[in-house]
Each structure stands twice: as C-alpha cells, then as structure tokens.
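Colleague: Starting off with a structure, shown below.
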Amino acid sequence: MSITLTLFLIVVGITLVITAWAARRTRTTVQFWAAGRTIKGWQNGLAIAGDYMSAASFLGIAGLIAFNGYDGFMYSVGWLVAYLTVLFLIAEPMRNTGKYTMADVLSYRMSPVPVRSAAAFSTIAVSASYMMAQMIGAGSLIKILLPDLDKNLSPYFNWALFGTKLDPSIALVGALMMIYVIAGGMVATTWVQIVKAVLLMGGAILLSLLVLLYFNFNFLAFFDKIYSVKDKATGLPFTSPGILYPYGKATVWGIDKALVENVSLGLALILGTAGLPHILMRFFTVPNAKAARSSVAWAMGLIGSFYVMTTFLGFGAAALIGKANICAKVVTGFKCAPGLKPNTNMSMPRLADFLGTNFFGATGGEFLLAFIAAVAFATILAVVAGLTLAASGAFSHDFYVNVVRTHLFHGTVSEREQVLVARITAALVGLLSIWLAAKTGATANVAALVAGVAFVIAASANLPAILFTLFWKRFNTWGAVASLVGGTVVTIWLVAVGPGWTLPAVAHPAFPLQNVGIVAIPVGFLLAIVGTYVGELAKADRLAEVKFHEIDVRAQTGVGAEPTPVPA
Amino acid sequence: MEIGKSQPVQKAPPTGEATDAAHWEGLEETTEFKELVRARWRFVAPATIFFLVYYFALPLSNGLFPSFMRTEVIGHINIAYLFALSEFVMAWVLAYFYIRQATRVFDPLAEKVRQRAGQGK
C-alpha cells in the first residue's frame, strides 16, 4: 500500500506546485476573477472541461454504469448535449455583457441590491450542493488509499454537528482541501483546470485502452461480456435500459415512474449546465465572444470524447469486477473484504487496480490505482477551487461589495477586505458541504447527487433569470428575484421531502421522484414570469425595460464589452 | 410592450440616461442589427427545437418502446446504445454548423453594428 500512497502524494504534489506557480502570477482583481481576460479559446475550452468534469463525471458516471448498466450512460449523453444550450444561448451574450460573475449580467437591467442578493443565494446553494458531492468523492478516494482511516479516527469523531455525525475521511480530506484553496490555491484556477483536464483525459484514455486490450480490441466480445452481466432485481442484461429506474413497476401522475424519472433527469442535465455559476464565470476569461464560442467547441470535443469513454470505464468495471466487489478494501481474487458495503464512487479506482494487476502484476495494480486516485483527487481539488471561487465571488463581490458596502453603507472596500470576506465565505461553504456530505452518506453516487440537486437549482433558479434578462424585454427585478430565490427553495424542498439517495430508500416520501427537475424547472420559469407581471402591476421597476435595449444590443454584438487589457 | 414602451423613456432621469437609452434604442432600430437578430434566431430557434426533440426522443423511446430499443443490431449492441452514441454525433455536428454560421454570417453583421456604434458616439 505504501507505493500507492507515495505515488498518489507525488502526483497531487505536482498539481499543487503548478497551482502555487500560477497563483504568484495573479496581481489585480481582473486577474483574480477573470484571468486577465487573455485566455485563448482552446485554453479556455480545456479549462471549461476541467471545471466541468468533476468527481461526478470521473468517478460518478463510471460508478452508475458499473452498478446499473445502460441507464448510467444517460448521464454522459445529457451532460454533453447540455453544451448546445450553452453554445446557442448563453456563452457569447454572457461574454458580451458580463464582467466577473453571473449577477453582473443580471444587474445590468435589474435593481442591483435585490438581484445581487438573490443571485448570491442561488449561487451559494448550487456551489454547496455541488461541493457536497465532491467531498463524498474525495472521501471515497481516501477510504481506498487508507482503508483503516475511518476506524482509527472514529474515537475523535464521536460527536454530532446539528444531529449528524461527520464522516472522518470526508471531514479530514474536505478540511485539508478547503484550507489549501483558501490559503492561496483559490486564485488563477484556469491553469489548474487545464493541467487537470489533460491529466483526466490521459487517465481515461489509458484505462479505456486497457479495457479494450483485455478484450483484444474485440468490441463485440466486450459487449458479449457486458450482456452476460445481469441485474438481480429485474433480470435485465446490463446493455439494456431499465435497471436504475425499472420500467412498469410504479406510476406517478398516471405515467410510468421510471419514464418520468428519466425525463426529469434529462431536463436537469441539459438545462442545468447553462446555469452553473462556475461554468458561466469561464466565459469572462476570454478576450471576446468569438473566443467564448470556440472555447465551447473545444470543451464539447474534450467532454464528449471523455463521456464516450465512460462506455469502457463503466461497463468495463461492471464486466471485469462486478458491483458486489467494488468497495474500499479487497482481498485476494478482487473480492470485497468482509463486512464492507459496495460504493459506486470507487468503480474507477477499483478498475485501475484490476487492470494494472492483470497486465503488470501486483505492483502495476498499486501503481495504476495510485495514478487514477491522484488524477481523481486533482480533479476534485480543481473543481472545489472553481466552486469556491464562484461561491465566494457571489458573496464577496456581489453581496458584500455591491450590496452591503456600496448601497447600504456607501463605503469603499479595500481589496484586502474583499479577499478576507471571500475566504470566510469559502470556509463556511466548505463546512456546510462537509456536513451535507456526512448527512447524505458516503456511498451515495456523486453523479446522481450533482445532477439531482446542483443542476436542478441551476436550471430552475439561474437559467430563467439569465435567459429572460438577455431575451425578454418585459422581464424585471421581481421576476429575477422570484426565480432565483423561488427556484432554489422549491428544489431544495422537493429534494428534502423526496426519496433521496441514502440507502435504504425512504418508504413513502412526500414527493415521489429522486429527480425533481420536471417540477422544479417549470416552477422556476413560471415564477420568473409571474414575478415579472406582479412587478409590473406594482410599477416597481421601469428601468429594467429601458435597459433591455442596451443589453439587447450589447449581448448580440459585443458593443462596449469588457475589453482585453494590454498585457503588462 | 404596448403602452409600456413609450412610458419608461419619458420617465427616465433627464440627464445622461435618457440620451443613453435613445442611443441603444437607435442601434436596435438599425437594419444591420435587425438583420443580425433575425439571422441568429433563424438558426438558433430551429436548432434548439431540433436538439431538444432529438435528445428527449431517447429517454422517451427507452420507456415507451422498450422491446424495440433492446433490439440487438450487431452482436449484443442494441438500438438504445447506438441511439445514445448518435446523440454525441448530433451535438458535435450541430455545434459545427452553429460555429460555421456564426463566423460566416453573425460576426460580419455584429462588426457592422459595432462600427456604427463607434461612429454614433
């Protein structure tokens, strides 16, 4: 085990050195938030891919496919198609009108105090729920690398925080990550995302090739083997849809529940991406709309290629190891150590261990496991940094600087004060996500969690606000606040009373679906519309319509867009 | 849209903002801008409807026509998997066409509006 841990630490160390190097190059506010707006299209494409492909993609989807077969692949499909929404409707107008954060675009037309406050609220909700899944992913890695850590630390974690006992591995690695990000790694994430995207693609290509090599590059033999893996409950082969959500078992509103779950999931997947604050921020790092467009194209190429490879990673783990044997510690013959529960998030590292051992012997297995675990950890750390930047940006830039200090106390804010507020926000969001991770449980699948909470909030709260700000003349502050706050609250409420992801499932939840998007997303859009008309009746916000002409021209043409500074 | 349109302009503060609003509305009324918006929506609206329909056809077919989707085409590779793979191709092809259209049509039109905006000030 020592080789694995050592190599893991070396690869992670290299990533940290690059972060520190990049951090030293950051001096001004525009560099801090938007990397000086000088990032090239292909670089930003890699960075978007890096920001986007989190533990959910790298660990989560492979796990869903390994445990449920075909249905898990739907996550891969949806998360790529989502980029068409971004490309067609969001990327270029955002670059043309925005400055640092999503709320900058909204507050162009809207009354800044309520809109910035509401946007800070929804951004922190998205970031915290997204980060919760990353914490679970990182915890899963630590549990594999140090299988006895939980047991050894448990005497120190024998207390509850608001009724929930923290998970030792998650709490430890989560706290370390947050300290690192807050202490300085928070800045200049673009380069970290690029390095990490390259590592992640490399890891995925290597494992995919090894899976194919195992089957002598015979695609049909590979699928024969997948077909031979059968689901116990339904009897279906893993190549077939209907295992994650079995068809014909129950109905919701008179329709097959599995169908509703899948459509609801699809809505969140393809609409959520366009409302993710940390992805939207990436479009402010490029010089102009054309570069924003080409960066989406690059990202789609990379992300799509990765998601196609989840076929080999996920089905490979199902065919070669089997879901019963995917857990923190294995004994000879790759069987789960007695007493351990299978964990979907561990499919990728376990696959690496198996393939390495199969081709290069026991040391090879340790080596490959260490490499994949390190890549996954770098992935998670980079995403946590991006999310922290978005969350602390929303709070310190949008709420604290623009609302509290500028409008309420009419003071000016020093950069030092702003950074301090950002750091405190980051620490609180980190703590919240560690707590949520413990509450959800370490074995919940991270892809399902991200798609089930963060993406739904993004699609129901942020997306209507952004789309209507850009394209609907009558839209006003009331509508924006209604969707930002309402969409977030409705989503969290439906998830809280729904079946959830913790096993065993709740028997008779107040809301029947795991994926709440099919209700929450239309509600978010409806709130935006109703709010707008109520606001009109209240004659609250006439400036919003006057300002529409400005944002209309700016968004479409880039007139007056934030310029590219001359390189120093 | 109806009566609301002229009202806010009158109500807006007299100084810089009124002239500013007029400036932007003026640009909005130019033929170049109208042409740009029309060209963009003529591509984006049908393309968006197409990808939404194509995308949701997959989960809907999986649920509504399970035996058809489980039909195996080559070996144990079934229609459901091939359909899922085709979604990737669909996304890449649509993105390619959008970028081609944007470079050829939208960018030159946007440039014209930007030049006009520069002259106006």
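Colleague: Among the candidates A:Gly333, A:Gly248, single out the residue that is over 22 Å from the mean Cα position of the chain (by Cα), within 14 Å of chain B (Cβ to nearest Cβ), surrounded by fewer than 24 Cβ atoms within 10 Å (Cβ to Cβ) and on the phi > 0 side of the Ramachandran plot.
Modeller: On the way: A:Gly333 fails: within 14 Å of chain B (Cβ to nearest Cβ).
The unique qualifying residue is A:Gly248.
Colleague: While we're on this one: What's the total number of residues in the stretch A:281-311 that are over 22 Å from the mean Cα position of the chain (by Cα) and among the hydrophobic types (A, V, I, L, M, F, W, C)?
Modeller: 2
Colleague: Within the stretch A:209-224, how many residues turn out to be buried (at least 19 other Cβ atoms within 10 Å of the Cβ) and more than 8 Å from chain B (Cβ to nearest Cβ)?
Modeller: Summing the residues that are buried (at least 19 other Cβ atoms within 10 Å of the Cβ) and more than 8 Å from chain B (Cβ to nearest Cβ) in the stretch A:209-224 gives 4.
Colleague: Among the residues in the stretch B:32-53, are any of a type in the set (Ser, Thr, Tyr) and either at pLDDT 90 or above or touching a strand residue (DSSP E or B) at 6+ places or on another chain (Cβ under 9 Å) (or both)?
Modeller: At the first step, the residues of the stretch B:32-53 found to be of a type in the set (Ser, Thr, Tyr) are B:48.
Remaining after also requiring either at pLDDT 90 or above or touching a strand residue (DSSP E or B) at 6+ places or on another chain (Cβ under 9 Å) (or both): B:48.
The answer is yes, given that some residue of the stretch B:32-53 is of a type in the set (Ser, Thr, Tyr) and either at pLDDT 90 or above or touching a strand residue (DSSP E or B) at 6+ places or on another chain (Cβ under 9 Å) (or both).
Colleague: Take the stretch A:50-80 and flag every residue that is within 16 Å of the chain's Cα centre (by Cα) and over 20 Å from A:Arg350 (Cβ atoms).
Modeller: A:Gly50, A:Asp51, A:Tyr52, A:Val77, A:Gly78, A:Trp79, A:Leu80
Colleague: Return yes when A:Leu302 is assigned to a helix (DSSP H, G or I), within 14 Å of chain B (Cβ to nearest Cβ), in contact with a Pro (Cβ under 9 Å, 6 or more places away or on another chain) and within 30 Å of B:Gly75 (Cα to Cα) and no when it is not.
Modeller: Numbers: assigned to a helix (DSSP H, G or I): yes; within 14 Å of chain B (Cβ to nearest Cβ): yes; in contact with a Pro (Cβ under 9 Å, 6 or more places away or on another chain): no; within 30 Å of B:Gly75 (Cα to Cα): yes.
Against the criterion (assigned to a helix (DSSP H, G or I), within 14 Å of chain B (Cβ to nearest Cβ), in contact with a Pro (Cβ under 9 Å, 6 or more places away or on another chain) and within 30 Å of B:Gly75 (Cα to Cα)), A:Leu302 does not qualify.
Colleague: Go through the residues of the stretch B:35-43 one by one and say whether even a single one is part of a helix (DSSP H, G or I), within 24 Å of A:Leu302 (Cα to Cα), within 24 Å of the chain's Cα centre (by Cα) and facing another protein chain (nearest Cβ under 8 Å). It would help to see each step written out before you state the result.
Modeller: Here is the first cut: in the stretch B:35-43, the residues part of a helix (DSSP H, G or I) are B:35-43.
If we keep only those that are within 24 Å of A:Leu302 (Cα to Cα) too, we end up with none.
Looking for residues that are part of a helix (DSSP H, G or I), within 24 Å of A:Leu302 (Cα to Cα), within 24 Å of the chain's Cα centre (by Cα) and facing another protein chain (nearest Cβ under 8 Å), one finds none in the stretch B:35-43, hence no.
Colleague: Next question, about the same structure. Would the stretch B:74-90 turn up any residue that is more than 7 Å from every other protein chain (Cβ to nearest Cβ), among the hydroxyl-bearing types (Ser, Thr, Tyr), in contact with a helix residue (DSSP H, G or I) (Cβ under 6 Å, 6 or more places away or on another chain) and under 30 Å from A:Pro246 (Cβ atoms)?
Modeller: No, every residue in the stretch B:74-90 fails to be more than 7 Å from every other protein chain (Cβ to nearest Cβ), among the hydroxyl-bearing types (Ser, Thr, Tyr), in contact with a helix residue (DSSP H, G or I) (Cβ under 6 Å, 6 or more places away or on another chain) and under 30 Å from A:Pro246 (Cβ atoms).
Colleague: Here's another thing I want to ask about it. Return a yes/no flag: does the stretch A:150-160 have any residue that is out of contact with any Gly (no Cβ under 9 Å at 6 or more places or on another chain) and surrounded by 21 or more Cβ atoms within 10 Å (Cβ to Cβ).
Modeller: no
Colleague: Looking at the stretch A:533-550, is at least one residue touching a strand residue (DSSP E or B) at 6+ places or on another chain (Cβ under 9 Å), more than 18 Å from B:Glu25 (Cα to Cα) and either modelled with pLDDT of 85 or more or away from every other protein chain (no Cβ under 14 Å) (or both)?
Modeller: Taking the stretch A:533-550 first, the residues touching a strand residue (DSSP E or B) at 6+ places or on another chain (Cβ under 9 Å) are none.
Within the stretch A:533-550, none of the residues are touching a strand residue (DSSP E or B) at 6+ places or on another chain (Cβ under 9 Å), more than 18 Å from B:Glu25 (Cα to Cα) and either modelled with pLDDT of 85 or more or away from every other protein chain (no Cβ under 14 Å) (or both).
Colleague: Another question about this same structure. Which fully enclosed helices (runs of 4 or more DSSP H) of the stretch A:385-490 have 1 or more residues being under 23 Å from the mean Cα position of the chain (by Cα), of a type outside the set (Val, Ile, Thr) and surrounded by fewer than 23 Cβ atoms within 10 Å (Cβ to Cβ)?
Modeller: Working: elements: A:415-440, A:446-449, A:463-471.
Ranges flagged: A:415-440, A:463-471.
Here is a yes/no grid of residues against (1) farther than 26 Å from A:Leu220 by Cα; (2) in contact (Cβ under 8 Å) with a residue 24 or more places away in the chain; (3) surrounded by 19 or more Cβ atoms within 10 Å (Cβ to Cβ); (4) among the hydrophobic types (A, V, I, L, M, F, W, C):
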site	(1), (2), (3), (4)
B:Gly26	yes, yes, no, no
B:Thr48	yes, no, no, no
B:Ser67	no, no, no, no
B:Thr71	no, no, no, no
B:Ser86	no, no, no, no
B:Ala110	yes, yes, yes, yes
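The values are calculated or read from the model by the stated rules, or taken from the named source; none is laboratory data. Predicted, not measured: the structure shown is a model, and the values here were computed from it. Please note: Cβ atoms are built from the backbone with ideal geometry, for glycine as well, and neighbour counts cover all protein chains shown.
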